[in-house]
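Data block below; observations after.
The values are calculated or read from the model by the stated rules, or taken from the named source; none is laboratory data. Quantities reported herein were computed from a predicted structural model and do not represent experimental measurements. Quick reminder, even Gly has a Cβ in these numbers, built from the backbone with ideal geometry, and neighbours come from all protein chains shown.
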């Protein structure tokens, strides 16, 4: 996706528009209004260099800070990543507050962990400082002796190699994640286009500008089994423009009578509700992001009683399915089922193995993610062996992933184990899955 990588960024030449790095606030006497005063280049260099010095001292665990000469300081400042608050796409009116909120989110996420190396997480901003250091160290103006000195200071961190394309890929991934977590198919879809990146020869400053677009939800009433159901068009957030998701229906010949090669994808709010209930350790941002990832990148589907089942994965572990059907030339995602549900292939096997009925799964809360994060597979070897045999064993691998402990729901696993040994028993009215 970003094959041109850093070369594109360095070779781009736009109309130079001098930017400031930081804004110092100046309060006008007698008034509450705060005006911004541009920070001088000299002060900007000092701030950037100081930040890099402290960071390098921390990750290298050195007792002293690396001192840079004037040329090195100017180069560090030149390569330091800048990001302006977005402006509205041409022809769109976006409230200033919304643009500001997106800008704050983008800057906040620059400081969030994204890559792990030697048990330490690095943010985009930290990768940027490390990358600046490497680029300065390898500049032709730097003598071999000085280059060796800079390299020796790195110590073990010198093994952490990040080439220009990898760094740029992470920057673009940062943009994409920021807009995808904000997007809700029932409300708004965001886009963020990179509009200018420039490097001035005389006074070099690498600077990203962006334009934000907002596209509102598309609703449709679809007749399903004689009843009108509200569904939302799946619109994918992208960096340059939104993508209205369509599926090629050649692979779904047995499920439709559509007269088109591609049909639009819709999702019922019921499916989104079930996702939130059953993937209960994921917050709204994670749910939004994973929704798009799973609908775009699935490689195969299952055929179960006239339904199309699209697998849903977390960390490469299958945790459930989207149950879908085709109506009125539309691919409709009707609900989301956790992998243990009796209607899924694994849930059907689980029923055959241990006799769990359709009401038992929700009763024992084994239809939600948090339950399996509370299970100690070693403590319940027979129980975990049954889930493994049914094809649900990978759920226990998610123990090592980071979920919020506060969001977990407690399930009575001891009671479930005893219940399975005693045999079947209906416990509650079934949950209505399709609306």
*Verdict on residue 347 being surrounded by 18 or more Cβ atoms within 10 Å (Cβ to Cβ) and either modelled with pLDDT under 70 or out of contact with any helix residue (DSSP H, G or I) (no Cβ under 6 Å at 6 or more places or on another chain) (or both)*: yes
*Out of 338, 387, which single residue is in the same structural domain as residue 301 (by TED's automatic domain parsing), closer than 20 Å to residue 276 by Cβ and modelled with pLDDT of 75 or more?*
338
*Right, residue 105: within 22 Å of residue 53 (Cβ to Cβ) and surrounded by 11 or more Cβ atoms within 10 Å (Cβ to Cβ) or not?*
no
*Does the stretch 327-337 include one or more residues that are without any contact (Cβ under 8 Å) to a residue 40 or more places away in the chain and assigned to a loop (DSSP other than H, G, I, E, B)?*
no
*In the stretch 114-126, how many are within 18 Å of the chain's Cα centre (by Cα), without any contact (Cβ under 8 Å) to a residue 60 or more places away in the chain and surrounded by 12 or more Cβ atoms within 10 Å (Cβ to Cβ)?*
5
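Okay, residues lined up against (1) modelled with pLDDT of 80 or more; (2) in contact with a helix residue (DSSP H, G or I) (Cβ under 6 Å, 6 or more places away or on another chain):
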{"residue": "155", "(1), (2)": "yes, yes"}
{"residue": "167", "(1), (2)": "no, yes"}
{"residue": "188", "(1), (2)": "yes, no"}
{"residue": "201", "(1), (2)": "no, no"}
{"residue": "215", "(1), (2)": "yes, no"}
{"residue": "226", "(1), (2)": "yes, no"}
*Where residue 273 falls short, out of the listed (1) without any contact (Cβ under 8 Å) to a residue 60 or more places away in the chain; (2) surrounded by fewer than 16 Cβ atoms within 10 Å (Cβ to Cβ); (3) within 16 Å of residue 247 (Cα to Cα)*: (3)
*For the stretch 49-88, name all the residues that are under 23 Å from the mean Cα position of the chain (by Cα) and modelled with pLDDT under 90.*
81, 82, 83, 84, 85
*The lone exception for residue 140 - which of (1) out of contact with any strand residue (DSSP E or B) (no Cβ under 6 Å at 6 or more places or on another chain); (2) outside any loop (DSSP other than H, G, I, E, B) it fails*: (2)
